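Presented below is the structure to which this report refers.
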Amino acid sequence: MISIAEAISDLLFVRDVVVVSGLGAFMKKATSAKVNPVANYFAMPSSELSFDANLREDNDLVVSYISEKNEVPEDEARRLLVMFVSDCFNSMKAGKKVVLKDVGTLYYDWADDLVFEQEKSVNYNSDAFGLCDFTPQPVLRSKTKEEIKEEIEQQQRDKNTPVTVDEKAVHEEDKGDNGCPRHLGWLWILLAVLALAVVGFGLHYFKVIDFGQWKKKPVRGVYQPRTYTLPSYIMDWDEVVENAVETIEARQPVQEGNILIIAGCFGQEENAARLVNSLKNKGYTGAFYELQGKQWYVSFGRYVTEEQASAVLREIRANTEYKAWIKK
């Protein structure tokens, strides 16, 4: 038998809105793929889930699905749904969080407002099937863009330079010390080898010497062909240089901006300094801390636009354990 949470998760793959009678509605919104030039991060297409507690009208979608999958009457499925909704409200009123597997978490905040947090491990966007987020590794070079271009131009000039041959010097080298052509010496050597071959054949023919006893059976090895897979597209040198320079520039931290991504706040400065050192060791070179009021705030960096900060925040929450948040 499938549970109510599993039924909601299955329906979200094929429906944009799933209404749970008495509880609320789960709504799905597709988001396109994104590129974060600050964090050098590529995010696949995904879907954002939201929850509206005001949409509680009677809807038989979940009831029908549970009845079909569990092979029970609809009245029994409706009774199970009512019990599930009642248990959810009782748990949240007791200060507990209700975890819906593969969907998210429901709970009441300090202002008694119903809050929903989406489960990030499941992507309900069908366009993202088979895709994943990734961070490309840059090609780091010790030379600047101008030096690389100068070397390429010099190699091109050397390649296009015609080669001249001194024919007189070549003819003089072909002659020996006595003034005779050097290739006549090779001719005498060739005649001597032919003479030895004729003598050896004669000795073998008249069975004076048996060359067959000197033969050894060759050792035959097993030939195993190797298979190489070539990329479908190979960038030329100019594209490699351009991509390397742009990647190095994109990884530089933003020095100006009023939007911060806060990693934590402390009452003592040494705790904030310890967290900043930990962030820098993990690659967040723009991390710093500052005193605001009576608290020391530790930030991943400064960002100019809210879109950049939001993209970096998603990357931090997806790949680290920090519960970061944006502070303007």
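The values are calculated or read from the model by the stated rules, or taken from the named source; none is laboratory data. Everything numeric in this text was worked out from a predicted model, so none of it was measured. Don't worry about glycine lacking a Cβ; one is built from the backbone with ideal geometry, like all the others, and counts go over all protein chains shown.
If we keep just the residues of the stretch 304-328 that are hydroxyl-bearing (Ser, Thr, Tyr) and either over 17 Å from Ala33 (Cα atoms) or assigned by TED's automatic domain parsing to the domain that holds Ser32 (or both), which is surrounded by the most Cβ atoms within 10 Å (Cβ to Cβ)? So the residue we want is Tyr322. Looking at the stretch 264-328, the strands (runs of 3 or more DSSP E) lying wholly inside it that each contain 3 or more residues that are out of contact with any helix residue (DSSP H, G or I) (no Cβ under 7 Å at 6 or more places or on another chain) and not hydrophobic (A, V, I, L, M, F, W, C) sit at 295-303. Looking at Phe89, Phe84, just one residue is over 16 Å from Glu119 (Cα atoms), touching a helix residue (DSSP H, G or I) at 6+ places or on another chain (Cβ under 6 Å) and at pLDDT 85 or above, and that residue is Phe84.
Scanning the stretch 90-120 for residues that are touching a residue at least 60 places away in the same chain (Cβ under 8 Å) and among the aromatic types (Phe, Trp, Tyr) turns up just one, Phe116.
Residues that are farther than 19 Å from Asn70 by Cα and of a type in the set (Val, Ile, Thr) were ranked within the stretch 20-49; the one that is modelled with the highest pLDDT is Thr31. Restricting attention to the stretch 55-72 and to residues that are in a loop (DSSP other than H, G, I, E, B) and at pLDDT 80 or above, the residue that is nearest to the chain's Cα centre (by Cα) turns out to be Glu71.
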